[in-house]
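See below for the structure under consideration.
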Amino acid sequence: MIRLFFGLELLGELRMRIAAISAGIDRARWVAPENLHITLRFVGEVDEPAMEYIAGEAAAIRFEPFPVTLSGAGHFERGGRVSAVWLGVEPEPALARLRDRIEAAAVRAGQPPEGRKFRPHVTVARLNRGRPGEVRDWLAANTLFRAVPFTVAHFTLFSSTLGRSGSNYIAECRFPPEG
Ligand code: ATP
Ligand code: MG
């Protein structure tokens, strides 16, 4: 079985900029620069034939290249505790359309539909028990974060394996705009 998700890769310069703000919350697990990404569609554990189907459906997707701009910061909570901090993505209809096409492709390939609303973001750190004051300060310091827009010229099917020091992502396939 292989754990898969669709996402967008970030350029090196942007990764470095995010690495520079990946500090200041004690006991946070900062995402390694090479692992920073925007999830478009989590697939989960599938076998080889299912992976082939999914990649085959995804390969038929056509889209126009579009801009993505990271902007602002936010957090997710679980059980009343901050579980992750992230950078936001400016609303972009072409991004939402691409994610809808990937969702449809996954369903055509036999995957159960995603029930959750799409909230594009770049997770910067995961937390088990970060100090609330430090989390607040990090969010305050990064609400005005705004990156130079970049153009999405492909999306990526990643595999995710759990290593000694956290998850490790590998770009299994890249899908260009022409399908
Ligand atoms: P770890 O689980 O070890 O903390 P991770 O969450 O980065 O690491 P995965 O669980 O393989 O690694 O997740 C890959 C990507 O898919 C991440 O962006 C993660 O936030 C997202 N993701 C994981 N599970 C789900 C889910 N059930 N629904 C939506 N997105 C998910
Ligand atoms: Mg996870």
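Can you name every residue in the range 155-167 that is touching a Ser or Thr at 6+ places or on another chain (Cβ under 6 Å) and modelled with pLDDT of 95 or more?
Result: Ser160, single match.
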Cβ pairs under 6 Å, 6+ apart or interchain, first in the range 1-27 and within 22 Å of Cys173 (Cα to Cα) and touching a residue at least 12 places away in the same chain (Cβ under 8 Å), second away from ligand 1 (no atom under 14 Å from the Cβ) and in a loop (DSSP other than H, G, I, E, B), ordered by first then second residue, are Met1/Asp47; Leu14/Ala147
Which of the residues belonging to the range 159-176 are over 11 Å from Asn35 (Cα atoms) and within 11 Å of ligand 1 (Cβ to nearest atom)?
Ser159, Thr161, Leu162, Gly163, Ser165
Select from the range 1-18 the residues that are open to solvent by 40 Å² or more (accessible area, probe 1.4 Å) and out of contact with any Phe, Trp or Tyr (no Cβ under 8 Å at 6 or more places or on another chain) and list them in ascending order.
Met1, Arg3, Glu9, Gly12, Glu13, Arg15, Met16, Arg17
Only residues that are within 16 Å of ligand 1 (Cβ to nearest atom) and within 22 Å of Pro33 (Cβ to Cβ): list them for the range 114-152, please.
Pro120, His121, Val122, Thr123, Val124, Ala125, Arg126, Leu127, Asn128, Gly130
Residues of the range 34-48 being open to solvent by 40 Å² or more (accessible area, probe 1.4 Å) and either more than 10 Å from ligand 1 (Cβ to nearest atom) or out of contact with any Phe, Trp or Tyr (no Cβ under 7 Å at 6 or more places or on another chain) (or both), in sequence order, are Glu34, Glu45, Asp47, Glu48
Would you be able to say whether some residue in the range 11-30 is within 15 Å of Ile102 (Cβ to Cβ) and either among the charged types (D, E, K, R) or within 12 Å of ligand 1 (Cβ to nearest atom) (or both)?
no
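The values are calculated or read from the model by the stated rules, or taken from the named source; none is laboratory data. What you are looking at is a predicted structure, and each value in this text was computed from that prediction instead of being measured. All Cβ positions, even for glycine, are placed from backbone atoms using ideal geometry, and neighbour counts span all protein chains on display. Calculation scope for accessible area: heavy atoms of the full protein, side chains included, ligands and nucleic acids excluded. Shrake-Rupley method; radii C 1.70, N 1.55, O 1.52, S 1.80 Å.
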